[in-house]
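Okay, structure first, notes after.
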Amino acid sequence: MIKVRVPATTANIGPGFDCLGIALNLYCYLEFEEIEEGLLIEECEDEYCDENNLIYQSMKKVFGMVNYKPKGIRIRIKSDIPISRGLGSSAACIVGGLVGANEISGGRLTKKELLDIANTIEGHPDNVTPAMFGGMTASVCENSKVYFTNMKVSDKFHFYALIPDFEVSTEKARSVLPKTINYKDAVYNIGRVSLLINALMNGDENLLKISCKDKLHEDYRKNLINDYDYIKSRSEELGSLAVFISGSGSTIMAVTGRDNNELEKDMSSLLKSLKDNWSIKKLKVDY
Ligand code: HSE
């Protein structure tokens, strides 16, 4: 039996739309086994627990590429990554399925080849790259190939995921984006994302505050997240250095410069005062 553990991911990190991502210590645990016949998906909490399951669909891509025909497949899923909350649950299914299928079929593809397939399935590389390689990654896709760099985030920074009980699908969150953007907004993001990478790697708090800002997606998406403006401004007042929509939402990520129990307590009571149910999870970068 093959066991695979894939981390959750937070993508975009403010200005790094479709490019920056960070792996986090919240996991999807998968077990794979070739069985005598059929498809058996155990403990599936997904919408699709049959042939259409994303893990299985991803496995089929690998089997097709290496021309391997399994008799039957058993998949067991236990995931701590909430679905449609901007924490990379789909990326984890895709990466997990590809890695599992590759192991079953004799490990013929490299991790980099699996990443290229993962990106083709997901449509953007910012979640699948850190899910596959860990740490903080910047990635782009050219001619169906992913080019990426893998970095360490300073231990100084702490990540607090503020997770609501409502979902926002990536499809919906992408549908509210404009078809074109203006030059000034593009320049605003390019400058900031360059500085942001440096700030996160070197633990530069002031640079993080200035650079973790976005004009390409958050303003269009924030209306999909109840109380976004209020949570962001209160969280900054309470001491967060950066507050951004995790991936396409609905989770809001707050980054602090210290392991701040007071802030966590204050944030928890702030979240309790809202009409939706929110939970707060303190997360670390996964390598
Ligand atoms: N970069 C993607 C987006 C991440 O913001 O739409 C969500 O999967």
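The values are calculated or read from the model by the stated rules, or taken from the named source; none is laboratory data. Bear in mind the structure is a predicted one, so any value in this text is a computation, not a measurement. Here the Cβ is made from the backbone with ideal geometry for all residues, glycine too, and neighbour counts use every protein chain on show. Calculation scope for accessible area: heavy atoms of the full protein, side chains included, ligands and nucleic acids excluded. Shrake-Rupley method; radii C 1.70, N 1.55, O 1.52, S 1.80 Å.
Some points to look at:
- Selection of the range 3-29 for residues being assigned to a strand (DSSP E or B) and among the hydrophobic types (A, V, I, L, M, F, W, C) yields Val4, Val6, Ala8, Ala11, Leu20, Ile22, Ala23, Leu24, Leu26, Cys28.
- Options Leu200, Leu207: the member that is away from the ligand (no atom under 15 Å from the Cβ), under 22 Å from Thr149 (Cβ atoms) and in contact with a strand residue (DSSP E or B) (Cβ under 7 Å, 6 or more places away or on another chain): Leu200
- Number of residues in the range 52-92 that are free of Cβ contacts under 8 Å to residues at least 12 places away in the same chain and either small (Gly, Ala, Ser) or closer than 18 Å to Pro125 by Cα (or both): the value is 1.
- Matching residues in the range 207-248 - criterion: being in a helix (DSSP H, G or I), over 15 Å from Phe166 (Cα atoms) and open to solvent by 20 Å² or more (accessible area, probe 1.4 Å): Leu207, Lys209, Ile210, Asp219, Tyr220, Asp229, Tyr230, Lys232, Ser233, Arg234, Glu236, Glu237
- Conditions (1) in a strand (DSSP E or B); (2) within 16 Å of the ligand (Cβ to nearest atom): number failed by Leu40: (2)
- Test: Val153 is within 21 Å of the chain's Cα centre (by Cα), outside any loop (DSSP other than H, G, I, E, B) and farther than 16 Å from Arg221 by Cα: no
- Any chance Ser84 is within 16 Å of the ligand (Cβ to nearest atom), part of a loop (DSSP other than H, G, I, E, B) and of a type in the set (S, T, N, Q): yes
- Selected residue (criterion: surrounded by the most Cβ atoms within 10 Å (Cβ to Cβ)) from residues of the range 98-129 that are closer than 14 Å to Phe148 by Cα and aliphatic (A, V, I, L, M): Val128
- Number of positions in the range 114-154 that are among the acidic types (Asp, Glu), more than 24 Å from Tyr29 (Cα to Cα) and touching a residue at least 40 places away in the same chain (Cβ under 8 Å): 0
- Neighbours by Cβ (under 9 Å, 6+ apart or cross-chain): first from the range 4-15, basic (Lys, Arg); second modelled with pLDDT of 95 or more and more than 12 Å from the ligand (Cβ to nearest atom): Arg5/Tyr27; Arg5/Cys28; Arg5/Tyr29; Arg5/Leu30; Arg5/Gly96
- Any chance Tyr147 is more than 20 Å from the chain's Cα centre (by Cα), of a type in the set (Phe, Trp, Tyr) and open to solvent by 50 Å² or more (accessible area, probe 1.4 Å): no
- Within the range 166-194, the set of residues being within 15 Å of the ligand (Cβ to nearest atom), in contact with a helix residue (DSSP H, G or I) (Cβ under 6 Å, 6 or more places away or on another chain) and not in a loop (DSSP other than H, G, I, E, B) comprises just one member, Ala173.
- Looking only at residues of the range 1-24 that are touching a strand residue (DSSP E or B) at 6+ places or on another chain (Cβ under 6 Å) and open to solvent by 30 Å² or more (accessible area, probe 1.4 Å), we find that the one that is nearest to Ala91 (Cα to Cα) is Arg5.
- Of everything listed in (1) closer than 20 Å to Leu162 by Cβ; (2) surrounded by 17 or more Cβ atoms within 10 Å (Cβ to Cβ), the single unmet condition for Ile197 is (1).
- Some residue of the range 95-108 being of a type outside the set (D, E, K, R) and closer than 13 Å to Thr9 by Cα: yes
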